[in-house]
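Scroll down for the structure; my scribbles are underneath it.
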Amino acid sequence: EDQTVPVVVEAATFESDLVLANPETQPVTVTLSYVESLASPAGAVPFITDIQLGAFEQRLIPSAIDFLRQRGLDIGPRGGEGHAGALGVQFSRDGILAQGYAGALTATPAPQGGRYGVFYNGVPVSLAAAGDAWVYGLRQNGTSRSNVAVASAGNAGEAVTFRLEVYDGDTGRQVGQLGPFVVSSGGWVQFDSVLAGFGVSNGYVQVVGTTGADRLVVYGVVNDGGTSSSGRTNDGSFLSS
């Protein structure tokens, strides 16, 4: 079935690499669908491109956004404003859906060389949230910060309206709400340091969808460092809903 890689990024701090693999004995076509969701104005119509994978081939694609740019994605030259968005992935053979693997590494350069980052898999449509979703394990303090993000699987072609309900993990009580917000079909939106405005250091979030039929890929990332410029590693831990 179709999959959603939660996000691919090209920004000052982070950049994403893409992994695609064909586990079968015959070649497949991989159709990638990307909606720009960070730069202004955000995209409305998905950019679509096809890749051919041979039998048992695994393709490692560094700098995924720049790869899409070279394929015709019209977002301006590399090195300008930041870009991010969910990536729809479909594997097929002769027009029939096929097996396949997709994932991404989003990483930041390490001060002593190499990179720190977080890896995550593509999410099949059937495993994306059709209703509410919860993200646990969020932290916000001098050494850690937590983001929550919502990506649309684009399966129904409908934008989704949703809100965030924020809970204090120490007391179990709801401390506030954010929203409503709208994520376009196939789009992506992130809420940086989502606990910071509520004075909560240990918390969790419920994402409550109110309108729209698209399924949602909801996740969190706990990053090392109270801010991206704190001097810590920015290494991340991925939290599935």
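Annotations
- Look at the alpha carbon pairs under 8 Å that are at least 6 residues apart: their mean separation over the length of region 102-173 gives a relative contact order of 18 percent.
- Here the relative contact order of region 73-215, from alpha carbon pairs under 8 Å that lie six or more residues apart, stands at 28 percent.
- Measure of compaction for the chain (Cα Rg per 2.2 N^0.38 Å): 1.01
- Across every pair of non-identical alpha carbons in region 84-174, the mean reciprocal distance, once inverted, gives a Kirkwood radius of 16.9 Å.
- Mean sequence separation of contacting Cα pairs (under 8 Å, at least six apart), scaled by the length of the chain, corresponds to a relative contact order of 23 percent.
Coordinate-derived values only; no laboratory data. Bear in mind that the values here come from a model prediction, so they are computed numbers and not experimental data.
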